[in-house]
Amino acid sequence: MSTYTLTANKSGGYGYSTPDSNFQAPTVQYGAGDNLAMTFPALPAAYQYKKINSVIPYVYASWLSSVGGSATIYFSDFTAAADPEKITYSNSTPTSSYTVSRATASSHALPGWVYGTAADGSLVINNIRNLLKYGMSVTFSLVALYTTLSSYKPYLLIDFDAADVGISIESVSYINDSAAGRGIVNKFAWYAKPATTATYLPVKQASAQFQWRVGSSGTVHTISCGAADSSNRYDLSVQAGTFPAEEIQWRVVVTGNNGATATSDWFSRTVYDAVIRNPSPAGGTVPKALPATFSWKLSQKMSEHSTTSDVNLTQKTATFRWRTAAGAAATEISCGTASSVTIPAGTFTTNTIQWQVTAATVEGVSATSDWMTISTLEQAGTAETVAPSGIVIDASASNVFKWQHVISTGTAQTKAELQISPDNSTWSALATVTGPSDTYTVPANTISSGTKYWRVRTYNSDGVASEWSAAAQFVAVGAPDAPVVVIGTTSPRPAISWQVEGQQAYQVEIDGVYTSGTRFGTGKTWKAPFYLADGSYTVRVRVQNEYGFWSPWGTAALPVTNVPGGTITLTAEGGIEAALSWTPGSFDYYLVYRNGVAIAKVTEPSYTDAASIGGVRYQVRGCYDNSDNYSLSEAVEVTVSTDNVRLYDMERGEWLHFLYDSSAHRSTGLSLSQDIQYVQLSGHTYPVAERSEFKSRALRITCVCADDAERQSLRALLGHLTCCKTPEGNMTIGYPASISESSDDFFSTYSFTIEQIDRKEEIDLDS
């Protein structure tokens, strides 16, 4: 411990009774001043940083004997600069609220009064420093105080510790977060405070050294630091790239303004390296046919396992690399500050590539990604039909087929294949489109009529086909294709077939010799229902579809050759019927022709034709079961007639002869008619006749039955198919619908009518 006496260097009196006056005299009298202001010189340098234990102010006083009573003195420190020689009550400098009063004076020779002793409570640092720096004011009564102009100058008795106050380091901290990073500015802070605060001048950090090392034994690196701020805090920012990505230790060595030093403990910190984050694409596919954009982020890793605390770094440079495979030469592209690069379409030619990127900050902190493998094989797309679908198209016109190539990459198709089917099962090629077009125009008359199905598949930029699309259905309306005619046999009854789609009916023609008419059905084979003579013919076939359209004719050449058997000699006798006979041969059966129409198929060499009248021409054809070869007789003509009315029951094969009539002259009636409709039309004075194809022919017969047997035979014809012949050469074949009978005393007369029916006499050769 040591003490030092600090004598006041200036003083002056002032008081409320004379507010604008300052008193300069060896003493200040109560009643004139009431206050004494004083200031002190600076402490010598040797005492400025020592701990102050106490400060005792001394002021000398003399008793005013004429006054008497008790005297009290109050001491207060100034809180701002004051000039004791100019201070007045009106301009007085503020004082501290910390005021100490002393005991009543009992003698007129007092030593003074202690200010700030322990008995009165320790002075706070600000009051001590105010006292030493700005001075103090003494308020008094009943006494006179001695000023610096007297021999009894006021003074301070200061008690110090022997040594200077030291400095300490407090609240050392890493500001950023729990971890340090190579790519960021790392911030540290600490407080440098004196060991005690009771000093004339505050002890502060004048300089410091920030020291760091790798681990506990690495080389110590030093960063010099300056003075702390007014709050004794120092903040240090360590430039990015200073620390390696390792576990480091750091501490602070502080030097105070009084030369005192302090050293902190070593602290540990994990320093993480910069990393490449969010590389894209990190996998998957980058199609060759598209521009490929690669991107990344340069980040500061701040945690071992989490990325949420990462800090984005400002990229200064970057180098993008790609190669075809591990170990292959890499192509490098400088990217500067850009965190992405776009590679033009068509750059990549292999099915896979690898890429990586190296990026760096302006401080040179860099990070390199791993090599990432990317496929350049584009995924197959999906094909979808658009039109036609669910509609009817005109197959006789051109039609546009449209589809979609659906693919996540958005690349265009390189090819499309279209197929068509009549049943959604059997498919045939419709078209192949090369390039990106998603439409195809099918020429007119390409698609046959009917319900159709179509589907499509598309190819991606790598030539990989999609699956076939779901089939779309539509209906084609138009003429079918001309059938392809095939000659099966060239015998006198040739067999032909044809190939075509959509058939609902057909027609066959042979050189105008024969026409089948319209025959309905889907069958595509036909055998001539007649015999052809030797020679060359042309067969043609056409078909009709379900929409009523006829195809063009399909044709084929038909050479016919017959290998005849033996000669057939035909004889015929006329009468009420034609009796035919002929020489038998080695034939399996015979066809009887009347006027060129086959009317019978028999195995015996004879035939009786009851259904003819007048001059008739007959032929017989000898035929075989296992071939279509034949022999044909010469034509024979006979006359068939009757001398009276003849009725032939064609169901029982019996003739009825009616020789008698009720009159001397037998009469028969022939009725002919054609359906004519008369229609009265506007603009026509007379009706317009519409003639139909319908005709009628009927024979009216009257007769007398000679006996009961004849009567019963006649009555039996009712409802039977009957051929009626008259001497006039008339004949009808039909059904007697009614028979009228009238009787008298001698005989019964019968009358009836037979109306001609539409009756096919030509037989089916194959029945």
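Using Cα positions and a limit of under 30 Å, work out the lysines in reach of K153, with same-chain residues fewer than 8 apart set aside.
Hits, sequence-local ones excluded: K10, K50, K51, K86, K133.
Explain nothing, just the number: dipole magnitude of segment 382-477 about its Cα centre with +1 on each Lys and Arg Cβ and -1 on each Asp and Glu Cβ, in debye rounded to the nearest 20.
It comes to approximately 80 debye.
For G135, enumerate residues with amide H under 5 Å from its amide H, sequence gap 5+ or separate chain, H modeled in the peptide plane.
For G135, the qualifying residues are F40, F78.
Note the angle between two axes, namely the Cα long axis of helix 125-134 and the longest principal axis of the Cα atoms of the chain, as a number of degrees from 0 to 90, rounded to the nearest 10.
60 degrees
Using the Karplus curve 6.51 cos²θ - 1.76 cosθ + 1.60 with θ = phi - 60°, what ³J(HN,Hα) values do you get for each residue of segment 204-212, in whole Hz, with x for Gly and Pro?
9, 5, 8, 6, 7, 10, 8, 10, 9
Out of S682, W266, V484, whose Cα points farthest toward the positive end of the dipole of the chain (charges: +1 Lys, Arg; -1 Asp, Glu; placed on Cβ)?
Most positive-ward Cα: W266.
For the chain, build the charge dipole from Cβ charges (+1 Lys, Arg; -1 Asp, Glu) around the Cα centre, then report which of Y453, S217, M136 sits farthest towards its positive end.
Value: M136.
Counting only residues 5 or more places away or on other chains, whose amide H sits under 5 Å from the amide H of E761 once H atoms are built in the peptide plane?
Counting only residues 5 or more places away or on other chains, the set is empty.
For segment 692-733, with only Lys/Arg (+1) and Asp/Glu (-1) charged at the beta-carbon, what is the dipole magnitude about the Cα centre, in debye rounded to 20?
180 debye
Given H placed on each backbone N at 1.01 Å, which residues far from I167 in sequence or on other chains put an amide H within less than 5 Å of it?
Long-range HN contacts for I167: A195, T261.
P(r) for the chain: what percent of alpha-carbon pairs falls in each 10 Å bin, starting at zero?
2, 8, 9, 8, 8, 7, 6, 5, 5, 5, 5, 5, 4, 4, 4, 4, 4, 4, 3, 1, 0, 0
On a full-extension model of 0.36 nm per residue, what is the gain between R519 and Q677, subtracting their alpha-carbon distance, rounded to one decimal in nm?
The R519-Q677 span can extend by a further 53.8 nm.
Write down the radius of gyration of segment 274-375 and its Dmax, each obtained from C-alpha positions, in Å.
Considering segment 274-375 through its Cα atoms, Rg and Dmax are 13.9, 40 Å.
With equal scatterers on the alpha carbons only and no solvent term, can you work out the Debye log10 of I(q)/I(0) for segment 527-655 at 0.09, 0.10, 0.14 1/Å?
Those come out to -0.39, -0.47, -0.75, one per q.
What is the sum of charges, Lys and Arg at +1 and Asp and Glu at -1, for the other residues whose Cβ falls under 11 Å from the Cβ of T376?
-1
Relative contact order for segment 657-767 using alpha-carbon pairs under 8 Å, separation at least 6, rounded to a whole percent?
Over segment 657-767, the number comes to 24 percent.
Once you have the Cα-Cα distance between S280 and V400, take 0.36 nm times their residue separation minus that, and quote the gain in nm to one decimal.
Gain in length upon complete extension: 39.0 nm.
Under 22 Å Cα to Cα from K725, which lysines show up? Leave out anything in the same chain fewer than 8 places away.
Here the lysines satisfying the reach criterion relative to K725 are K695, K760.
From Cα pairs below 8 angstrom and at least 6 apart in sequence, can you work out the relative contact order of the chain, rounded to a whole percent?
Computed over the chain, the figure is 6 percent.
Among the lysines, which fall within straight-line cross-link reach of K316, defined as a Cα-Cα distance under 27 Å, with same-chain neighbours fewer than 8 residues apart omitted?
K187, K297, K301
Report ³J(HN,Hα) in whole Hz for each residue of segment 618-633, in order, from the Karplus equation J = 6.51 cos²θ - 1.76 cosθ + 1.60 where θ = phi - 60°; Gly and Pro get x.
10, 9, 10, 10, x, 10, 10, 6, 9, 7, 9, 6, 7, 10, 10, 6
Can you list the HN-Hα couplings for segment 382-395, worked out from phi with the Karplus curve (6.51, -1.76, 1.60; θ = phi - 60°), rounded to whole Hz and with x for Gly and Pro?
10, 9, 9, 6, 10, 7, x, 8, x, 10, 9, 10, 8, 5
Assigning unit charges at the beta carbon (Lys, Arg +1; Asp, Glu -1) and nothing else, what dipole magnitude in debye, to the nearest 20, does the chain show about its Cα centre?
5540 debye
Compute the FRET efficiency between T426 and W655 as 1/(1 + (r/R0)^6), taking r as their Cβ-Cβ distance and R0 = 56 Å, and round to the nearest 0.05.
Taking R0 as 56 Å, the efficiency between T426 and W655 is 0.35.
Every number here is computed from the coordinates shown, using simple stated rules; none is lab data. Keep in mind it's a predicted model, so treat the numbers as computed, not measured. With ideal geometry, Cβ positions are generated from the backbone for all residues, glycine too; neighbour counts draw on all protein chains shown.
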